[in-house]
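Here the structure is laid out as structure tokens; the discussion comes afterwards.
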Amino acid sequence: MQINTIYTRSVIQTLVDKAIRDLRSGGEREQRNIMELCKGPSAPPGCQKFLSKLEQILRRPGQQYGSLLARAANDVDINCLKTLITNLGLHAYTPPSQSENNQEPEGTTVYWLEPLDGPMDPETLHPKITHLQKRGTSSFLFRFAEKSELETILNIAGKHRQCVFFLLGQVASFCEEYLEDMTALGNVVLLIQSKDLLDIAHSLKQAGMLFGFHRDYREIHSLESEERFLHQCIEAGCILGVYEGDRHGLRENQESLHYAKLREIRRSGTQELLLADLWRDREMIQNLLLHQQILPDHSHP
């Protein structure tokens with residue numbers, strides 16, 4: 001790790017620690033101060049524009065993001081929250097010279113969020129993650145269904161503490177055995193299948209984890225029923241909500257309508273949740289962070 005990266009990580013950790021403690025004390029002024037810190041002169045131009053849009057949202061009457069930030073600061077273990085924010089934030093402030101070489105020799109783009117869906121072989125995964133880190137990848141998505149797979153993922157997360165690992169899997173009773181380990185690692189986010197959410201949400205909240213739900217767009221029956229579902233998620237302590245559609249765009253028309261609604265909710269801040277589309281927002285963040293592009297005015301949030 002280069003010296004300037006070590007320094008940047010230290011600065012981000014200090015600012016995050018202060019921001020969390022300020023949020024725990026409450027008040028809108030603390031939220032505005034946090035946005036000003038994020039928009040500091042060292043932030044890339046694209047990030048500054050993106051954060052300016054978020055700042056505008058935070059100033060809207062009736063928005064719920066202020067309550068979301070305060071809830072996250074109070075419910076999530078402070079070291080866990082600090083680790084996640086620092087690991088994700090460091091990538092946004094990495095100088096372009098360190099992240100511009102994000103093409104594999106075969107021409108495949110290396111994304112900031114990389115799904116690792118293959119066999120759970122630690123001997124293969126450790127060097128692969130190390131290689132991807134050097135090429136600009138800071139976070140990884142794993143899917144698991146078995147206890148042994150979860151154990152392997154947590155072992156990998158412990159060896160790559162400066163990355164973020166999003167875990168998407170079939171939530172079974174064995175997950176609760178590892179909640180303290182996940183919180184202690186601090187760089188793990190568990191995304192729970194929506195049908196299993198209420199069964200484990202209380203335990204996750206008690207453990208101080210930052211967690212969210214995972215939902216296929218095909219599970220949406222109506223806008224009214226989906227609003228009721230989101231309210232249940234908030235009551236259960238969810239911070240994130242991640243929707244997934246067809247990665248290859250085969251259901252584009254139907255999913256585009258749902259994604260448009262998701263973005264409308266996100267812009268207005270009417271829900272006390274951070275909502276995302278797994279693949280579409282991955283592309284947006286890729287352009288914003290890795291390619292240092294300034295998003296056009298009609299784009300996200």
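Assorted remarks:
- In the stretch 269-285, the residues that are free of Cβ contacts under 8 Å to residues at least 60 places away in the same chain form Cβ pairs under 8 Å with partners that are small (Gly, Ala, Ser) and outside any loop (DSSP other than H, G, I, E, B), at six or more places apart or across chains, as follows: LEU275/GLY241; ALA276/GLY241.
- As a summary of the residue check, ARG218 satisfies the conditions (1) within 21 Å of LEU58 (Cβ to Cβ); (2) out of contact with any helix residue (DSSP H, G or I) (no Cβ under 8 Å at 6 or more places or on another chain) except for the one numbered (1).
Yes/no per residue for (1) at pLDDT below 90; (2) more than 19 Å from the chain's Cα centre (by Cα):
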position: GLU252; (1), (2): yes, yes
position: LEU273; (1), (2): no, no
position: ILE285; (1), (2): yes, no
position: LEU290; (1), (2): yes, no
position: ILE294; (1), (2): yes, yes
position: HIS298; (1), (2): yes, yes
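- Of the residues examined, LYS195 is one that is over 18 Å from LEU274 (Cβ atoms) and basic (Lys, Arg).
- For the stretch 57-86, filtering for residues that are more than 17 Å from VAL16 (Cβ to Cβ), in contact with a Gly (Cβ under 9 Å, 6 or more places away or on another chain) and either in a loop (DSSP other than H, G, I, E, B) or modelled with pLDDT of 90 or more (or both) leaves 4.
- Checking each residue in the stretch 127-147 for being within 29 Å of VAL11 (Cβ to Cβ) and either surrounded by 12 or more Cβ atoms within 10 Å (Cβ to Cβ) or modelled with pLDDT of 90 or more (or both) picks out ILE129, THR130, HIS131, LEU132, GLN133, ARG135, GLY136, THR137, SER138, SER139, PHE140, LEU141.
- Strands (runs of 3 or more DSSP E) lying entirely in the stretch 124-226 (those with 3 or more residues that are closer than 18 Å to ILE85 by Cα): 139-144, 164-169, 188-193
- Matching residues, the stretch 125-156, being β-branched (Val, Ile, Thr) and under 24 Å from CYS175 (Cβ atoms): ILE129, THR152, ILE153, ILE156
- Considering the stretch 114-123, the residues that are surrounded by 12 or more Cβ atoms within 10 Å (Cβ to Cβ) and in a loop (DSSP other than H, G, I, E, B) include one that is modelled with the lowest pLDDT, namely MET120.
The values are calculated or read from the model by the stated rules, or taken from the named source; none is laboratory data. Just so you know, these numbers come straight off a predicted model, no measurement behind them. FYI the Cβ positions are ideal-geometry reconstructions off the backbone, even for glycines, and counts take in every protein chain you see.
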